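Participant: Okay, here's the structure, questions in a sec.
The values are calculated or read from the model by the stated rules, or taken from the named source; none is laboratory data. Worth saying up front: this structure is predicted, and the values here are computed from it rather than measured. Glycine gets a Cβ as well: all are built from the backbone with ideal geometry, and neighbour counts include every protein chain shown.
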Amino acid sequence: MHPLTCEPINGKHKHVRKELAAFLPTELGQPRRARMGYDAARDTEGWQSYWANADRRDADSQNSRAVREKLVPRSRYETESNGYYAGIITTHVNMLVGVGPTLRMLTGSRNFNQTVEREWYAWTQRVQLRRKLWCMAHARTADGEGFAVLQTNPGLPADGVQLDLTLLETEQCQTPNLPFTAGYIDGIRFDEFGNILWYDVLPEHPGTDRALLSSADAIRVPAEDMLHWFKMRRPGQHRSGPELASTLNIGAARRRFSEATVRTAEIAAAHSVMLETQMTADDADAAEPMSTFPISHGMFTALPMNYKASQMKAEHPNSTYSDFLRSLISEQSRPLSMPYNAAACDSSTYSFASGKLDTLCYRAALDVERSDCNDLVLTRIFSAWFKEWTIVARAESFTPNHQWDWPQHPVIDAVQEATAIDTKLKNGTVSLRQTYSDAGKDYEDELAVMAEDTFGIADEETIEKMRKIQVLRNTPAPAMPFVAQVLGLESPEAAEPTPQPIGAPADEPEPAAVA
């Protein structure tokens, strides 16, 4: 019985379906093999040269020092020379960091939370954490990775936390004479389980003119004291190149195209008048080919006989110039998921709806990068700060529950946004605490402010009243009596007197009982 036809095998296969015929043997013992595969895996003549630079190196080899030493300077050069490239990176960092995240404590003690948040904010102001975080984000985007060392700063007040951050450029994290040893890449040493043991840090930038650095000059910084912010795209990756490395040539091509367009327009504008004739040399006045002569401004000039004056027609910029420029800018900012209107700061060709839709993917990418910053930078800084603060404040040393409230993404339609939030609050799909957190605010702090504005004082009683008021404000009208009952409040419907019709006599008091 044949497995494909369910008929006795007779060697002829008369009833085999056409789509299964390719799998039948042509001769006994010689099965026919179907040709399958990927078009991109074929070495055709037209694509073989295109894929010539594809390699099989691992993630760390692909981002080796030799590769980074070419990509990073070129990215910085483009930042300094290309306004669009510099604007893309600056806009991205502004959208990512903004005015900086806010610490929100999540312990059960409101007084403790406010104390820690107040002390943390004061320390961030002393060490200028927001500026340093912005600089790290800029280095992470332009250079591919941002470094900072946690260390003691004796210049800070002795009676407070003296923890500080020292920013490093990517070139300073390197091993001058890298040994050919397993678990050792440029600047980073690992143990047998892949955990980072230390970073090799040069005390001076290798681009300085002050000294020649040797292997003895590299300082071993323990992994717990180093902040390393980069995007890990491949398993086993520990270093990275510029975020826009795949579109660096696009920026150069845009500049060349713009400069060539300007040069062409200048050449056309430089020729004030051109003389042309259809006559022969015997019929027209003699004129030396390609010769020039000055023309006085505002004066009439007599032309040679039988010559016609004309101007060179400017062909550039042509009608496709702006579209091509837009295409290049969009492609260059695409690795950041940044739309054209954000990359070029130009929404003149957008409708209101398309301008909002194009930012959705970009906002999602920003949230991912903020989560990386929480894990790789902020939480580690806070853990080190809190450990030292407990020593200074003589408090119990532990890392309390907390989270980071980042600045809210820009709101395009404030009315629509407020309506959506109100709907979510009333149907219970979002909480007040989450709503304030999404706006970059602490709900407990805002309750104290609202209580002081409403009652003139912010104490436990007024804050609790304000908390109940906020719950009632965001409760649908049909559920109001039940929610008020749960909160221990008198129902608004029960408290209000029953309205009387206009002109109806007032209720007369009952007569007093006669003794």
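Participant: Output the residue which, of all residues in segment 438-459 that are more than 21 Å from GLN403 (Cα to Cα) and not in a helix (DSSP H, G or I), is nearest to the chain's Cα centre (by Cα).
Facilitator: ALA458
Participant: Give, as residue ranges, the helices (runs of 4 or more DSSP H) completely inside segment 295-370 that count at least 1 residues that are surrounded by 13 or more Cβ atoms within 10 Å (Cβ to Cβ) and at pLDDT below 90.
Facilitator: Working: elements: 321-333, 340-343, 352-357.
Here the list reads 321-333, 352-357.
Participant: Looking only at segment 233-245, count how many residues are more than 19 Å from VAL93 (Cβ to Cβ) and surrounded by 13 or more Cβ atoms within 10 Å (Cβ to Cβ). Don't jump to the end; show me each part of the working.
Facilitator: Step one: filter segment 233-245 for residues more than 19 Å from VAL93 (Cβ to Cβ), giving 233-239.
Now drop any that are not surrounded by 13 or more Cβ atoms within 10 Å (Cβ to Cβ), which leaves 237-239.
Counting residues in segment 233-245 that are more than 19 Å from VAL93 (Cβ to Cβ) and surrounded by 13 or more Cβ atoms within 10 Å (Cβ to Cβ) gives 3.
Participant: Does THR91 satisfy the criteria of being among the hydroxyl-bearing types (Ser, Thr, Tyr), touching a residue at least 24 places away in the same chain (Cβ under 8 Å) and in contact with a Cys (Cβ under 8 Å, 6 or more places away or on another chain)? Break it down into steps so the answer makes sense when it comes.
Facilitator: Numbers: among the hydroxyl-bearing types (Ser, Thr, Tyr): yes; touching a residue at least 24 places away in the same chain (Cβ under 8 Å): yes; in contact with a Cys (Cβ under 8 Å, 6 or more places away or on another chain): yes.
Answer is yes for this residue.
Participant: Select, from LEU447, LEU487, the only residue that is at pLDDT below 80 and either within 24 Å of GLU117 (Cα to Cα) or in contact with a Lys or Arg (Cβ under 7 Å, 6 or more places away or on another chain) (or both). Spell out how you get there, then give the answer.
Facilitator: On the way: LEU447 fails: at pLDDT below 80.
When all the criteria are applied, what remains is LEU487.
Participant: While we're looking at this one, here's another question. Are there any pairs with C-beta distances below 8 angstrom linking a residue in segment 110-122 that is without any contact (Cβ under 8 Å) to a residue 60 or more places away in the chain to a residue that is part of a helix (DSSP H, G or I) and surrounded by fewer than 15 Cβ atoms within 10 Å (Cβ to Cβ), with the two at least 6 apart or on different chains, and if so which?
Facilitator: Pairs that qualify, where the first residue is without any contact (Cβ under 8 Å) to a residue 60 or more places away in the chain and the partner is part of a helix (DSSP H, G or I) and surrounded by fewer than 15 Cβ atoms within 10 Å (Cβ to Cβ): there are none.
Participant: Name, by its number, the condition in (1) among the hydrophobic types (A, V, I, L, M, F, W, C); (2) modelled with pLDDT under 90; (3) closer than 30 Å to ALA182 by Cα that does not hold for LEU106.
Facilitator: Here LEU106 meets the rest and fails (3).
Participant: In this structure, does ASP422 turn out to be acidic (Asp, Glu), farther than 21 Å from ASN111 by Cβ and surrounded by 12 or more Cβ atoms within 10 Å (Cβ to Cβ)? Outline the logic, then answer.
Facilitator: Details: acidic (Asp, Glu): yes; farther than 21 Å from ASN111 by Cβ: yes; surrounded by 12 or more Cβ atoms within 10 Å (Cβ to Cβ): yes.
In short, yes.
Participant: Hey, can you tell me all the residues within segment 400-437 that are at pLDDT 85 or above, among the small types (Gly, Ala, Ser) and assigned to a helix (DSSP H, G or I)?
Facilitator: Selection gives ALA418, ALA420.
Participant: Just to be sure I understand, how many residues within segment 371-399 are hydrophobic (A, V, I, L, M, F, W, C) and modelled with pLDDT of 90 or more? Show your work before the answer.
Facilitator: Residues of segment 371-399 that are hydrophobic (A, V, I, L, M, F, W, C), as a first pass: 373, 376-378, 381-382, 384-386, 389, 391-393, 395, 398.
Keeping just the survivors that are modelled with pLDDT of 90 or more gives 373, 376-378, 381-382, 384-386, 389.
So the count comes out to 10.
Participant: When you scan segment 80-99, do you find a residue that is in contact with a His (Cβ under 8 Å, 6 or more places away or on another chain) and closer than 22 Å to SER437 by Cα, even just one?
Facilitator: The answer is yes, given that some residue of segment 80-99 is in contact with a His (Cβ under 8 Å, 6 or more places away or on another chain) and closer than 22 Å to SER437 by Cα.
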